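Remarks on the structure that follows.
The values are calculated or read from the model by the stated rules, or taken from the named source; none is laboratory data. Keep in mind that this is a model prediction, so the values were computed, not measured. Quick reminder, even Gly has a Cβ in these numbers, built from the backbone with ideal geometry, and neighbours come from all protein chains shown. Please note that ligands, DNA and RNA were not included when accessible areas were found on the heavy atoms of the full protein model with its side chains. Shrake-Rupley method; radii C 1.70, N 1.55, O 1.52, S 1.80 Å.
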Amino acid sequence: AEPTIVTAALAPQLLPRSLATPAMLAHVVTEKFCDGMPLHRQEDRASRIGTPLDRGTMSRWLEDIGGTVGATVIASMRDEALRTAFCISTDASGVLVQPIQGGDQQRRGCRRAHFLVQIADADHVFFEYMARETSAAIGELFRGFSGYIQADAKSVFDFLFRKSQDEPPDGDVRYEVACWSHCRRGYWEATAAKSVVAREGLARISRIFD
């Protein structure tokens, strides 16, 4: 009789063509992003305990996990936040981005981009990269949200609250919530001129904070 070849079903894989278990991947992610352990130190520690693990492999794991989670869990979180949040607090921080090396060997300076944080109630926190901080980019990140937005007085946020016939141009209804920290800064700077009014303002704001 001819032999019968039986092939077992492939075991579930979290990442394509990877033997890494979910526990191993969770360990690498937690070590790097929660405990601040860079990949080269994780590589050194793995080598010391007799389990060689290349940092390049871990880097590819993180890239695949980030793309997978970003397209699934985080996308669902964002949809829920824009749909149900009462208030979203937001602010942007500038970052310097190194230029991509070209073949012309021409020296290029770093360009300035921004990371925008969005805190939706106490449930979700998102960090969004913006190559350019413009009203159009801000509007896209808040598209579909109606509710309260806490932001500073930077002009790029004005688009969110601009009203045409009592409604913003994109149809969403948003209400501006001013930032007490930015308001307080003006009083603090005025105390340098020994302003009695500024000192009283600081005292009243402190009581509000308390």
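Here are some notes:
- Candidates Glu128, Glu176, Glu140 - the one that is in contact with a helix residue (DSSP H, G or I) (Cβ under 7 Å, 6 or more places away or on another chain) and under 24 Å from Val97 (Cα atoms): Glu128
- Leading residue by the ranking (farthest from Ser181 (Cα to Cα)) among those in the range 137-156 that are more than 18 Å from the chain's Cα centre (by Cα) and of a type in the set (A, V, I, L, M, F, W, C): Val156
- Checked against the criterion of being open to solvent by 80 Å² or more (accessible area, probe 1.4 Å), modelled with pLDDT of 90 or more and under 29 Å from Ala113 (Cβ atoms), the range 154-171 contains not a single residue that satisfies it.
- Only one of Ala198, Ala136, Ala192, Ala203 that is in a helix (DSSP H, G or I) and surrounded by 14 or more Cβ atoms within 10 Å (Cβ to Cβ): Ala198
- With respect to the conditions (1) closer than 30 Å to Thr21 by Cβ; (2) aliphatic (A, V, I, L, M); (3) open to solvent by less than 40 Å² (accessible area, probe 1.4 Å), Met130 lacks only one, and its number is (1).
- Qualifying residues in the range 83-94 (those that are among the hydrophobic types (A, V, I, L, M, F, W, C) and more than 15 Å from the chain's Cα centre (by Cα)) - the one least open to solvent (accessible area, probe 1.4 Å): Ala85
- Condition check for Ala151: touching a residue at least 40 places away in the same chain (Cβ under 8 Å) and either of a type in the set (A, V, I, L, M) or within 30 Å of Arg17 (Cα to Cα) (or both): yes
- In the range 95-124, the qualifying residues are those that are in contact with a helix residue (DSSP H, G or I) (Cβ under 9 Å, 6 or more places away or on another chain) and farther than 15 Å from Phe157 by Cβ, and the one that is most open to solvent (accessible area, probe 1.4 Å) is Asp123.
- Counting the residues of the range 1-57 that are part of a loop (DSSP other than H, G, I, E, B) and either open to solvent by less than 90 Å² (accessible area, probe 1.4 Å) or of a type in the set (A, V, I, L, M) (or both) gives 22.
- The lone criterion from (1) in a loop (DSSP other than H, G, I, E, B); (2) at pLDDT 85 or above left unmet by Asp64 is number (1).
- Evaluating Ser76 against the criteria (1) out of contact with any helix residue (DSSP H, G or I) (no Cβ under 9 Å at 6 or more places or on another chain); (2) modelled with pLDDT of 90 or more; (3) open to solvent by less than 60 Å² (accessible area, probe 1.4 Å); (4) part of a helix (DSSP H, G or I) leaves one unmet condition, (3).
- Residues (among the basic types (Lys, Arg) and either touching a strand residue (DSSP E or B) at 6+ places or on another chain (Cβ under 9 Å) or not in a loop (DSSP other than H, G, I, E, B) (or both)) located in the range 90-133: Arg111, Arg112, Arg132
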